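Here is the structure we will look at.
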Amino acid sequence: MTNATSGLAIELTVQDISNVEADLVAIPVFEQDGFEDLAGLAAATGDEVTRAIASKEFKPKPFELFLTPAMAGIWRAKRIALVGVGPSDKFSMKRLRLAAAAAATAARQRRIDRIAFLARGGFAVAASVQAIAEGIVLGSFDAGRYKTTDHAGVAPCHAQVIAHAANSAAARDALARGMVLAESCNLARSLANEPGNVLTPRVFAERAGELTTAVGIDTELFDETRIGELKMGMLLGVARGSAEPPRLIVMRYAPDGAPETPVLGLVGKGITFDTGGISIKPADGMERMKDDMAGGAAVVCAMRAIGILKPRIKVIGVVPTTENMPGGRAIKPGDILTSASGKTVEVINTDAEGRLILGDALWYARELGATHVVDVATLTGACVVALGKTTSGLFGRPDSWVEAVRRAAEAAGDPVWHLPLVEEYLEQLRSEIADLSNSGGRPAGAITAALFLQEFAGPGPWVHLDIAGTAWSDDATPYQGKGPTGVAVRTLAELALSSSQWGLTGQERAEISDVAEADATG
Ligand code: BES
Ligand code: MN
Ligand code: ZN
C-alpha cells in the first residue's frame, strides 16, 4: 500500500528475517533480551550485537539505537538497526509505535531508502502491524519544505513490516488503517508548519476543502457574508483586526446506513496567526503562533481519515478560521460582542480570542445536529504551565463521554489528563455589563477558558481538549523532530471508529474485545 501523500509504500511480509531485502532492517530489543526468536542475529552482524550489548555500547533503553552493517551472505539486508524498547513488562503499543518512528527517523536522517521493521513483543499481530505502520509514517514526516539546501533528510520510500503470523485480512486492514491515521496526522503537521503568510484563513479553508472532498466528505466554506448571516459576532469580532477575511469550514460525513444518532461533532480552533490583537503578545517567541490553528488542522485531518476509513457514524466538523491581528478596525478591550447563540461577551483581553471563535463554532455544531461534541484548541498558556509539553488538558461532561474520549486518546497514543470544570470559577468570567467576560485572569486559566466554552457547548455531551502544550515539540526526540506533532488527529479518528463502545464501562469493553479476538482467531 502506498502513502497517498508522501509516496511511501509499506508492505506486510511474512518471511524469515534473513531473507528480507532492505537497506536497513530494524529490530526492537528488550532489556535482557534473549533473542530466542532471532538465532541468526549474532552471526549476521559478525557478533557486533553481542559485543555492543556486553560492552554496554548499546543499552536497550527506550528508543536507543544501534546500527551495524549486516555480513554479506548471511542476511540479505544491508544494515541492521537495534531499537531499544526497555523492559518487556513495560512494553506497550505506544512503545512499539515510537520504536518504529525512531527507526524511520534514523533512516530519514541517513537518507536510507528501503527499511524493514520486525514485529516483536507478543501483542496481537493486527494491533502490532498498525502501530508499526503508524510509527514508520510518523517518523518519515518531513518538515523541510522550505529548505532549498542542506535538507535534514530524505524520507524512506519503501518499507516492510515483517510479521510472523499468516498474512491475514485483519493484519492487512490494520496496515492500511495505521497508514491512513499517521498520514492524516502528518498532513495536520504540514498545515501547522505553514507560515502565517502562506496559510491565511482563505488558504486554510481551501486546503481543508481539497483534503476532505477528495475522500468524499461534503465540505462547505462559508465566507464573511455567510458568517454574518449566521450572526457569529465573536468570530467576526476577532477577524476585524485583520486584512484577511475569516472563513468557517463546515464538513459533513454521513455514510449510507449510519444511525440517525449519535452524531459526532468535531470543532477545532483555526487561528492562522495569533498576535494577541490589541492586547498584543511580546515579540519573543511570537513566531510560534503560526500553529494556533493546530486544533483546526486536527479536525480537518481527522475528517479526512474518517472519510477514508468509513466508520458507520455521522460526523460533523466545524472549524472557524481567522487571524488575530491589531489592525485599525480591531476589537478593543471593553468592546462587547454578541455571539450567534445570543449571549453577549465583554472582551477584556483580545488575546483570549480562541474561546470567542470556538463559542460560535460550538453553538453551530449543535445547530447542525451534533449530539456528542469534542473541541480541540491551542487555547491557554495556563494549560502548558499545568501539564507541560507531553500531555493535553481534557475537560468535559458527562463522565461517560469524558471516559470515551480519554480511551480514544489512550489508544491513539495522545496523552491527556482530565482536569475539573470547577463551577465556582465561573465567577471569574463575570462581566459588569455583558453576560460573560472573555478572560478570567491568571488563576486556573485553563479551567476558566474551558468554563467559557461550556457556556456555548449546549447541554449534551461535550469534551474540550487544550493542546496548547502538545501541538508543538520544542525538542527533537529519537522518534519525533522539533515542530508540529499532529496531536489529536488520531484521537478524533479513533473516537469515530469506536462509536459502538461509547458509554460502555471498562468491563463491558473488555468482554467485547475478548469476543472479537476469539472471532478473529477462531
Ligand atoms: N494561542 C494562545 C494560547 C497559547 C499559548 C498557545 C502558548 C500555545 C502556546 C491563546 O490565544 C492565548 O493567547 N491565550 C491567553 C489567554 C489569556 C489572555 C486569558 C493566554 O493563555 O495567555
Ligand atoms: Mn491569543
Ligand atoms: Zn490563540
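What follows is calculated from the coordinates using simple rules that are stated; it is not laboratory data. Keep in mind that this is a model prediction, so the values were computed, not measured. FYI the Cβ positions are ideal-geometry reconstructions off the backbone, even for glycines, and counts take in every protein chain you see.
Shown is the FRET efficiency for ASN197 and THR149, computed with R0 = 25 Å from the Cβ-Cβ distance and rounded to the nearest 0.05: 0.70.
Partner aspartates and glutamates whose Cα lies under 13 Å from the Cα of LYS94, excluding those fewer than 8 positions away in the same chain, are identified as GLU134, GLU410, ASP414.
Annotated for the range 199-506: lysine pairs at least 8 residues apart or interchain, Cα distance under 18 Å, count 7.
Legend: translational diffusion of the chain by Stokes-Einstein, Rh = Kirkwood radius over C-alpha pairs, 4 °C, 1.567 mPa s; D = 54 µm²/s.
Sorting 489-498, 86-95, 336-345 by average packing, meaning the other beta carbons within 10 Å per residue, from highest down gives 489-498, 336-345, 86-95.
For the peptides 256-267, 180-191, the ranking by mean Cβ contacts within 10 Å, running from highest to lowest, is 180-191, 256-267. Summing charges over neighbours of VAL345, with a neighbour being any other residue whose Cβ is under 11 Å away from its Cβ, gives -3 when K and R count +1 and D and E count -1.
Among the GluC sites (Glu not before Pro) in the range 57-150, those placed in a DSSP loop whose Cβ has at most 15 other Cβ atoms within 10 Å are GLU57. Compared with the direct C-alpha span, the chain from ILE336 to ALA54 gains 94.6 nm at full extension, assuming 0.36 nm per residue. Computed on the range 199-506, with alpha-carbon pairs under 8 angstrom and 6+ residues apart, the relative contact order is 21 percent. Across the options LEU236, GLY216, ALA254, the greatest Cα extent toward the positive end of the charge dipole of the range 184-274 (unit charges at beta carbon of Lys, Arg, Asp, Glu) belongs to LEU236.
Restriction of the trypsin sites (Lys or Arg not before Pro) in the range 191-276 to DSSP coil positions whose beta-carbon has at most 16 other beta-carbons within 10 angstrom yields LYS231.
Extension gain for GLU260 to ALA9 (0.36 nm times residue separation, less C-alpha to C-alpha distance): 86.6 nm. By the helix-only formula, in which each DSSP H run with n ≥ 4 contributes -39500 (n - 2.57) and the sum is divided by residues, the chain has a 222 nm mean residue ellipticity of -10500 deg cm²/dmol. Exposure proxy shown here: for THR213, THR200, the number of other Cβ atoms within 10 Å sets the order, fewest to most, as THR213, THR200. What is the distance in Å between the Cα centres of the range 69-91 and the range 133-210? If you average the Cα positions of each part, the centres end up 25 Å apart.
Computed from point charges on the beta carbon alone (+1 for Lys and Arg, -1 for Asp and Glu), the dipole magnitude for the range 199-506 about its Cα centre is near 420 Debye. The relative contact order of the chain, computed from alpha carbon pairs under 8 Å that lie at least 6 residues apart in sequence, is 14 percent.
When the Cα centres of the range 324-380 and the range 460-486 are compared, how far apart do they sit, in Å? First find each Cα centre; the distance between them is then 22 Å.
Given bins 5 angstrom wide, list per bin the percent of all Cα-Cα distances in the range 48-161, short to long. Computed distribution, short to long bins: 2, 11, 20, 22, 20, 15, 7, 2, 1, 0.
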